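Undergrad: Dumping the structure here so I can ask a few things about it.
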Amino acid sequence: MTGLFHFVTRLRVWLALIMLCAPMPLAAQDASFAPGWQIDAQSSQLRFQSVKNVTKVESSTFAAFSGALDADGTLSLHVFLDSVDTKIDLRNVRMRFLLFETFRFPEAVITAKINPADLADLPTLRRKTVHLTYTLDLHGVQKQLETDVAVTMVDDATVVVSSTVPVVIATDDFGLSDGVQKLQEAANVVIIPSGTISFDLTLKRNGGAAPAAPATEAPAAEAPVAEAPVAEATAGTAAQQTPAVTALEPTGDLDLAACKGRFEILSRSGNINFHSGSARLQPDSSALLDSVADIIGRCPGLNIEVSGHTDGDGSPSANQYLSQQRAKAVVRYLVKKGLGADRFTATGYGEDKPLFANDTPEHKSRNRRIEFALVQP
């Protein structure tokens, strides 16, 4: 009996040690999410849907995003908007420059605080629905929103968080209505001013193998398209990467159609601003002009007309002169970026080519613009 007693005692000690050394499931470690979790982008999906011409539903994705759940329950998700993937090259460019204006707002950020107690029974239930209050920072606007998410424990080191229903995002709530209008004009379609987001996010416990970079699917462009690189996340924090490098772009130089399409889109984007009545560029113009310089640099051998346009206020001669000087100011900026001056023609059209009647402040603002076009040989 004494031997049996000692054996049972040793067995209990070994079992206790095994339990202490075994990895604890989500939310079971001292009521926290220690040691932290990372979003595994390769096995995650982030989708959004939009509707045009009343009935046509289009589904797109983002190729690059990163995020983490810290030990204290802070959840963060960084979506790199340049990585929008509609499967069509020029549509991607429209979304980046006209809707999201990624040269100004390169990422959307979602943050939330999760109470570990809400998931304390997940190891037993394996799957449960929880109510989530979160903050969405998109296009310079922050709003608090709510939704239900399904949380599934795959194993002790893997959890999947999924939308239970699509999350509706109204474009007007985030200052995107002007972008929607520009998209409609560029594509000659009618777009419902809201979209829906759905997601399946796989979280991996920190301490194991680092999640692999996502396998980016290239959009349907004639030229080969580079994959969107994703930086490796450090423990407990979202990966930090430069959003500009996430754009799904054809590799190398652009062909004629791609260049022409991009110049048409850039001409609609606006965001090249001058001081009132002056040809002096405002500092916030640099973001778009730097993108313009990059695109022109990938269109070697092509010459570009930079044209200035004004509204109808003032005399025609003064407007023509001002528009000419503004076009020259843009050319000077681009030449300073290393582009050859002989590739540009600066033209001022004054008020001769309005997009709209000069009858409202909004229409006048749209008429004051800089356009880019290929100069035919």
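The values are calculated or read from the model by the stated rules, or taken from the named source; none is laboratory data. Values in this document were obtained by computation on a predicted structure and should not be read as measured data. Here the Cβ is made from the backbone with ideal geometry for all residues, glycine too, and neighbour counts use every protein chain on show.
Undergrad: D200 is checked against (1) closer than 30 Å to E146 by Cβ; (2) in contact with a helix residue (DSSP H, G or I) (Cβ under 9 Å, 6 or more places away or on another chain); (3) at pLDDT below 95 and fails just one. What number does that condition carry?
TA: D200 satisfies every listed condition except (3).
Undergrad: Checking R104 against (1) surrounded by 15 or more Cβ atoms within 10 Å (Cβ to Cβ); (2) in contact (Cβ under 8 Å) with a residue 40 or more places away in the chain; (3) out of contact with any strand residue (DSSP E or B) (no Cβ under 6 Å at 6 or more places or on another chain); (4) not small (G, A, S): exactly one of these is not met. Which one?
TA: R104 satisfies every listed condition except (1).
Undergrad: Only one of T86, T124 is in the same structural domain as D70 (by TED's automatic domain parsing) and under 22 Å from E264 (Cβ atoms). Can you tell me which?
TA: T86
Undergrad: Now a separate question. Could you list all residues from segment 92-150 that are among the polar types (S, T, N, Q) and within 20 Å of G195 (Cα to Cα)?
TA: Quick first cut of segment 92-150, residues among the polar types (S, T, N, Q) only: 92, 102, 111, 115, 124, 129, 133, 135, 142, 144, 147.
Matches in segment 92-150: N92, T102, T111, T133, T135, Q142, Q144, T147.
Undergrad: Further question on the same structure: Do we find that T135 is surrounded by fewer than 17 Cβ atoms within 10 Å (Cβ to Cβ), modelled with pLDDT of 95 or more and not hydrophobic (A, V, I, L, M, F, W, C) in this structure?
TA: yes
Undergrad: Determine the pairs where a residue that is modelled with pLDDT of 95 or more, located within segment 253-282, has a partner that is in a helix (DSSP H, G or I) and β-branched (V, I, T) with Cβ atoms under 6 Å apart, the partner being 6 or more residues away or on another chain.
TA: Between residues of segment 253-282 that are modelled with pLDDT of 95 or more and residues that are in a helix (DSSP H, G or I) and β-branched (V, I, T), the close pairs are R262/V93; R262/I295; I265/V93; L266/V292.
Undergrad: Tell me, yes or no, whether segment 47-65 has at least one residue that is at pLDDT 50 or above, farther than 30 Å from L288 by Cβ and in contact with a helix residue (DSSP H, G or I) (Cβ under 8 Å, 6 or more places away or on another chain).
TA: Looking through segment 47-65, none of the residues is at pLDDT 50 or above, farther than 30 Å from L288 by Cβ and in contact with a helix residue (DSSP H, G or I) (Cβ under 8 Å, 6 or more places away or on another chain).
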